[in-house]
Amino acid sequence: MNLNLRQAILSNVTGHNSEQLEATIDDAMQKGEEKMLPGLGVFFEMLWKESDDQEKQEILNTLEQSLKEPTA
């Protein structure tokens, strides 16, 4: 059986409104289960592809700030 994980994830959320998408994202983050990471990755991929250069830079800046070690 050849399963396209990306396609399966997209078919599960196609047609969802913003509230449903937010609930899906919140649920995945709250559960913190490794099996949810591919879905969040697909969401990030979609976000990245649809972002212009300025939005991509904002995403990168946010990630950079989030990954800095906290100062004591």
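The values are calculated or read from the model by the stated rules, or taken from the named source; none is laboratory data. Here the structure is a predicted model, which means the values were calculated and not measured. No Cβ is skipped: glycine too gets one built from the backbone with ideal geometry, and neighbour counts run over all protein chains shown.
Would you confirm whether or not the stretch 44-53 contains a residue that is of a type in the set (S, T, N, Q) and outside any loop (DSSP other than H, G, I, E, B)?
Keep residues of the stretch 44-53 that are of a type in the set (S, T, N, Q), which gives 51.
Now drop any that are not outside any loop (DSSP other than H, G, I, E, B), which leaves none.
No, there is no match, as no residue in the stretch 44-53 is of a type in the set (S, T, N, Q) and outside any loop (DSSP other than H, G, I, E, B).
Being within 14 Å of the chain's Cα centre (by Cα) and of a type in the set (Gly, Ala, Ser) is the filter here, so list the residues in the stretch 36-72 that pass it.
The answer is GLY39, GLY41, SER51.
Only one residue in LEU63, LEU10 is assigned to a helix (DSSP H, G or I) and in contact (Cβ under 8 Å) with a residue 12 or more places away in the chain, so which one is that? Steps first, answer last, please.
Values: LEU63 fails: in contact (Cβ under 8 Å) with a residue 12 or more places away in the chain.
Testing whether each residue is assigned to a helix (DSSP H, G or I) and in contact (Cβ under 8 Å) with a residue 12 or more places away in the chain leaves just LEU10.
Each row is one residue, and each column tells you yes or no for (1) surrounded by 10 or more Cβ atoms within 10 Å (Cβ to Cβ); (2) closer than 18 Å to LEU5 by Cα; (3) out of contact with any strand residue (DSSP E or B) (no Cβ under 8 Å at 6 or more places or on another chain).
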position: SER18; (1), (2), (3): no, no, yes
position: GLU22; (1), (2), (3): yes, no, yes
position: PRO38; (1), (2), (3): yes, yes, yes
position: GLU58; (1), (2), (3): yes, no, yes
position: ASN61; (1), (2), (3): yes, no, yes
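Answer yes or no as to whether PRO70 is surrounded by 10 or more Cβ atoms within 10 Å (Cβ to Cβ) and at pLDDT below 95. Working first, answer last.
Working: surrounded by 10 or more Cβ atoms within 10 Å (Cβ to Cβ): no; at pLDDT below 95: yes.
Spelling it out, it is not the case that PRO70 is surrounded by 10 or more Cβ atoms within 10 Å (Cβ to Cβ) and at pLDDT below 95.
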